[in-house]
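Here the structure is laid out as structure tokens; the discussion comes afterwards.
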Amino acid sequence: MQPLLSVENLSVNFRTYAGTVRAVRDVSFTLAAGEILGIVGESGCGKSVTASSLLGLIPSPPGEVASGRILFDGQDIVKMDEAALRKLRGNAVSMIFQDPMTSLNPVLTVGSQLGECFTAHQRLDGRTVRERSAELLRLVGIPAPEARLGQYPHQLSGGMRQRVMIAMALAMNPRILIADEPTTALDVTIQAQIIDLMKKLNSELGTSIILISHDLGVVAGLCEKVLVMYAGQVVEAAPVAELYTRPLHPYTLGLLHSVPRLDAVRTRLASIDGQPPDLIAPPAGCAFAPRCRFAMVACREAPPLIAAVPGHQSRCWLAHPDCPQPLAGGPAKEAEPA
Amino acid sequence: MNQPLLEVRGLSKFFVTARSLLGAPRAAVKAVENVSFAVAAGETLGLVGETGCGKSTVARTIVGLYAPTAGQVLFRGEDVHAALAGSDAAAVRRRVQMIFQDPYASLNPRMTVGDIVGEPLDIHGLAAGGERRDRILHLLDQVGLSPEHASRFPHEFSGGQRQRVGIARALAAGPEFLACDEPISALDVSIQAQVVNLLQDLQEKFGLTYLFVAHDLSMIKHISRRVAVMYLGTLAEVAPVGELYARPLHPYTQALLSAIPIPDPAVEQGRRRIILGGDVPSPLNPPAGCKFHTRCPHAFDRCRSEAPALAAYGDHHVACHLITK
């Protein structure tokens, strides 16, 4: 089946005074219609830059898409001009940003910001716009939507503002919704409401979702397929159940073991020592090797993404068929701290 | 428990937001209202709650950054705020220190790391000259930084390393009690584990007592011996960690626990979530009666009129009318 979106060998660089930051390096993935894809990683791993490039939102200069294609409906987003991008954004592909406090315009009412989503893409009279806006707010679970339309962002709580952001993103009934850390700024009880809402949108409207997150728990509950990113590269890609039960990359393993779990007792967290590498001069060889407890001589040469199991790839020599100790199944348990 | 190291009695802290023409308070944010708990020597009490529930205000009032509106904070039986107002202020400050949330904002960008860590030594007159230098290097070593870091400035460090500097500074005066105000929430997952492990090692080595403020219930469970749950300025529940997570009695704690995502898709699929409706009410105008009644799935008439008191059932304390219903 033809995927809805396919990203092929995407690389994004930022030119800075210190040098060229290689923020995204050779990232490829596909998104099927109705699928929920998670992209996981820590600050600076390139997950948000990847998401921004899907909408042509990389600020240039200093940023530039150095290579690669992003195919949506047979069209390459990388090659689109500004007019074509404006038609795409908020229409077929839309985005929810991380910080609901700063993503809304403080001097415009909720109604006028929400209405702009419609008027930017089609000719509608004021009354229809108001009716549709109220309908959207109701869809995202905001009580008394007509009254809310006349209010300013500061009159709403954080959870409400994030709902308004989601409503704006849904205005034109997009085929892909990109959510960049949509719940990071919110409390857990509000986070639960938002995740619930996204699940509902996916199952009722069939919207494909790309969820960017650093929270392995949120991803586990929402996504079907997960990409783990480290130092600008995809280091592991797998269906969600596979990734959590049989992680193949040592970084994924480290991440899973470094978080305390509500349903388990750990006397000591297995931290990953050291820091992520500098992306101005990423290390030759495997980017994770300096922090990896399984590092070996072979890691001086950069490993490719290896399909260890069908549908499950890992950028690690340990997943290579010639590796003497196949990782599959074994070390995940062995490495669990006592 | 014989005499606790730290005891908080009926603590309230209101922030006045509007005054009348003559300066009388007209409106106040009731950040903390009648909170009481005790922390035993050597234990970690986890203080958990959502944004704006008053947990940071409690921590800041304990260390004396805020003066309480009502109530007392007793350290080894001695009133902290009375001591801070008197001539013993320095003696109390030495023993009660704080680690701040934001490692980017809590270090002076114009001071070297060595001077930041050395400042408590200077203020309390603990060491000078070569001894001061040795103490600083030893402190940096304790938190996993190396001697050459002493001459660098905060901007040269990553978030995790800066938090280590903040911890070294808090340890410099030789405290017994540390109020940790969300010390890891600004850090990445793999770095959080490093800092939490460090805090646990230091606790063991120096016999420190922690008040650990966080909104992450999984981390609170990992680090605490007892846990206190706050909602809108009041305590909802206080219990030993195993008890609280196995048998949460307050409906808010139950909802909070069910909302935490677990990093395991198999577990996530089979979970039943209690999704609370609505938002936390404004502390400027909190609801009458039980403050949680506006979102509580079990609320009944009495909850709307009468605020439940924190009552003890063994060592499990809970403020909810359901228990006696």
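Hey, does segment B:104-114 have a residue that's closer than 29 Å to B:PHE14 by Cβ, in contact (Cβ under 8 Å) with a residue 24 or more places away in the chain and among the hydrophobic types (A, V, I, L, M, F, W, C)?
In the first step, residues of segment B:104-114 are kept if they are closer than 29 Å to B:PHE14 by Cβ; the result is B:105-106.
Within this subset, residues satisfying the condition of being in contact (Cβ under 8 Å) with a residue 24 or more places away in the chain are B:106.
Now drop any that are not among the hydrophobic types (A, V, I, L, M, F, W, C), which leaves none.
Within segment B:104-114, not a single residue is closer than 29 Å to B:PHE14 by Cβ, in contact (Cβ under 8 Å) with a residue 24 or more places away in the chain and among the hydrophobic types (A, V, I, L, M, F, W, C).
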Among the residues that make up segment B:189-202, is at least one of them out of contact with any Lys or Arg (no Cβ under 8 Å at 6 or more places or on another chain) and under 30 Å from B:PRO286 (Cα atoms)?
no
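Could you pull out the residue among A:ALA241, A:ALA220, A:ALA264 that is surrounded by fewer than 21 Cβ atoms within 10 Å (Cβ to Cβ) and at the interface with chain B (Cβ under 7 Å from one of its Cβ atoms)? First the steps, then the outcome.
Details: A:ALA220 fails: surrounded by fewer than 21 Cβ atoms within 10 Å (Cβ to Cβ); A:ALA264 fails: at the interface with chain B (Cβ under 7 Å from one of its Cβ atoms).
From the options A:ALA241, A:ALA220, A:ALA264, the qualifying one is A:ALA241.
Give A:SER52, A:SER67, A:SER60 a once-over and let me know the one that is among the hydroxyl-bearing types (Ser, Thr, Tyr) and either in a strand (DSSP E or B) or within 14 Å of chain B (Cβ to nearest Cβ) (or both). First the steps, then the outcome.
Working: A:SER52 fails: either in a strand (DSSP E or B) or within 14 Å of chain B (Cβ to nearest Cβ) (or both); A:SER60 fails: either in a strand (DSSP E or B) or within 14 Å of chain B (Cβ to nearest Cβ) (or both).
From the options A:SER52, A:SER67, A:SER60, the qualifying one is A:SER67.
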If you go through segment B:253-274 one residue at a time, do you hit one that is touching a Leu at 6+ places or on another chain (Cβ under 9 Å) and more than 9 Å from every other protein chain (Cβ to nearest Cβ)?
yes
Restricting the first residue to segment A:186-212 and requiring it to be under 18 Å from A:ARG138 (Cβ atoms) and more than 11 Å from chain B (Cβ to nearest Cβ), which pairs with a second residue that is of a type in the set (D, E, K, R) and outside any helix (DSSP H, G or I) meet a Cβ separation below 8 Å and a spacing of at least six or different chains?
A:THR207/A:ARG175
Which numbered condition B:CYS303 fails, given (1) of a type outside the set (Asp, Glu); (2) free of Cβ contacts under 8 Å to residues at least 60 places away in the same chain; (3) out of contact with any helix residue (DSSP H, G or I) (no Cβ under 6 Å at 6 or more places or on another chain)
(3)
Out of (1) more than 23 Å from B:PHE177 (Cβ to Cβ); (2) at pLDDT 95 or above, the one B:PRO265 does not meet is (2)
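Return the residue satisfying two criteria in turn: it lies in segment B:12-68 and is among the charged types (D, E, K, R) and within 28 Å of B:GLY207 (Cβ to Cβ), and of such residues it is modelled with the lowest pLDDT.
Step one: filter segment B:12-68 for residues among the charged types (D, E, K, R), giving B:13, B:19, B:26, B:30, B:33, B:43, B:50, B:55, B:60.
When the remaining residues are screened for being within 28 Å of B:GLY207 (Cβ to Cβ), the result is B:43, B:55, B:60.
On the way: B:GLU43: 94, B:LYS55: 91, B:ARG60: 94.
Here the answer is B:LYS55.
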Conditions (1) within 26 Å of the chain's Cα centre (by Cα); (2) away from chain B (no Cβ under 14 Å); (3) surrounded by fewer than 17 Cβ atoms within 10 Å (Cβ to Cβ); (4) not in a loop (DSSP other than H, G, I, E, B); number of the one not met by A:ALA298
(1)
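Tell me whether segment A:250-269 contains one or more residues that are over 30 Å from B:ARG247 (Cβ atoms) and in a loop (DSSP other than H, G, I, E, B). Talk me through it step by step, then tell me what you get.
Taking segment A:250-269 as the starting set, the residues that turn out to be over 30 Å from B:ARG247 (Cβ atoms) are A:250-255.
Narrowing further to those that are in a loop (DSSP other than H, G, I, E, B): none.
Looking for residues that are over 30 Å from B:ARG247 (Cβ atoms) and in a loop (DSSP other than H, G, I, E, B), one finds none in segment A:250-269, hence no.
Taking the conditions exactly as written (loosely packed, with under 15 Cβ neighbours inside 10 Å, within 23 Å of A:ASP215 (Cα to Cα) and within 11 Å of chain B (Cβ to nearest Cβ)), does A:ALA270 satisfy them or not?
Numbers: loosely packed, with under 15 Cβ neighbours inside 10 Å: no; within 23 Å of A:ASP215 (Cα to Cα): yes; within 11 Å of chain B (Cβ to nearest Cβ): yes.
No; evaluated as a whole, the condition is false for this residue.
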Tell me, which residue of segment B:50-67 that is under 10 Å from the mean Cα position of the chain (by Cα) and of a type outside the set (Ser, Thr, Tyr) is nearest to the other protein chains (Cβ to nearest Cβ)?
B:LYS55
Given the structure, is A:LEU114 surrounded by 13 or more Cβ atoms within 10 Å (Cβ to Cβ), closer than 20 Å to A:ILE176 by Cα and at pLDDT 85 or above?
yes
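If we scan segment B:225-237, do we find a residue that is in a helix (DSSP H, G or I) and within 13 Å of chain A (Cβ to nearest Cβ)? Can you show your working first?
Applying the first criterion (in a helix (DSSP H, G or I)) to segment B:225-237 yields none.
No: zero hits.
Name the residues in segment B:127-168 that are under 14 Å from B:LEU107 (Cα atoms), in a loop (DSSP other than H, G, I, E, B) and under 26 Å from the mean Cα position of the chain (by Cα), would you?
The initial filter retains those residues of segment B:127-168 that are under 14 Å from B:LEU107 (Cα atoms), namely B:150, B:152-168.
Subsequent filtering for residues that are in a loop (DSSP other than H, G, I, E, B) retains B:152-153, B:157-158.
B:PHE157, B:SER158 - these are the residues of segment B:127-168 that are under 14 Å from B:LEU107 (Cα atoms), in a loop (DSSP other than H, G, I, E, B) and under 26 Å from the mean Cα position of the chain (by Cα).
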When every residue in segment A:237-290 that is of a type in the set (Val, Ile, Thr), out of contact with any strand residue (DSSP E or B) (no Cβ under 6 Å at 6 or more places or on another chain) and touching a residue at least 24 places away in the same chain (Cβ under 8 Å) is compared, the one farthest from A:PRO303 (Cα to Cα) is A:THR267
Within segment B:267-281, considering residues that are free of Cβ contacts under 8 Å to residues at least 12 places away in the same chain and out of contact with any helix residue (DSSP H, G or I) (no Cβ under 7 Å at 6 or more places or on another chain), the one surrounded by the most Cβ atoms within 10 Å (Cβ to Cβ)
B:VAL267
For B:ASP201, which of the numbered conditions (1) away from every other protein chain (no Cβ under 12 Å); (2) surrounded by fewer than 22 Cβ atoms within 10 Å (Cβ to Cβ) fails to hold?
(1)
Mind counting the residues in segment B:167-195 that are facing another protein chain (nearest Cβ under 8 Å) and either surrounded by fewer than 24 Cβ atoms within 10 Å (Cβ to Cβ) or polar (S, T, N, Q) (or both)?
5
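For segment A:143-154, check the following and say yes or no: at least one residue is modelled with pLDDT under 85 and either more than 25 Å from the chain's Cα centre (by Cα) or of a type in the set (A, V, I, L, M, F, W, C) (or both). Can you show your working first?
Going through segment A:143-154, the residues modelled with pLDDT under 85 turn out to be A:143-144.
From the residues that got through so far, the ones that are either more than 25 Å from the chain's Cα centre (by Cα) or of a type in the set (A, V, I, L, M, F, W, C) (or both) too are A:143-144.
Yes, there is a match, as at least one residue in segment A:143-154 is modelled with pLDDT under 85 and either more than 25 Å from the chain's Cα centre (by Cα) or of a type in the set (A, V, I, L, M, F, W, C) (or both).
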Considering segment B:42-74 alone, what residues qualify as being outside any helix (DSSP H, G or I), buried (at least 21 other Cβ atoms within 10 Å of the Cβ) and either without any contact (Cβ under 8 Å) to a residue 24 or more places away in the chain or among the hydrophobic types (A, V, I, L, M, F, W, C) (or both)?
B:LEU45, B:LEU47, B:VAL48, B:CYS53, B:VAL63, B:VAL73
Output the residues belonging to segment B:204-224 that are within 12 Å of chain A (Cβ to nearest Cβ) and under 26 Å from B:VAL32 (Cα atoms).
B:ALA214, B:HIS215, B:ASP216, B:LEU217, B:SER218, B:MET219, B:ILE220, B:LYS221, B:HIS222, B:ILE223, B:SER224
Just checking, does segment B:101-115 include any residue being more than 22 Å from A:GLY274 (Cα to Cα), surrounded by 14 or more Cβ atoms within 10 Å (Cβ to Cβ), of a type in the set (Ser, Thr, Tyr) and under 19 Å from the mean Cα position of the chain (by Cα)?
yes
For segment B:236-255: of the residues being surrounded by fewer than 19 Cβ atoms within 10 Å (Cβ to Cβ) and touching a residue at least 12 places away in the same chain (Cβ under 8 Å), which is nearest to B:CYS320 (Cα to Cα)?
B:GLN254
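The values are calculated or read from the model by the stated rules, or taken from the named source; none is laboratory data. This one's a predicted model, so the numbers in the text were calculated from it and none came from an experiment. Reconstructed Cβ throughout: ideal geometry from the backbone, glycine too, with neighbour counts over all protein chains shown.
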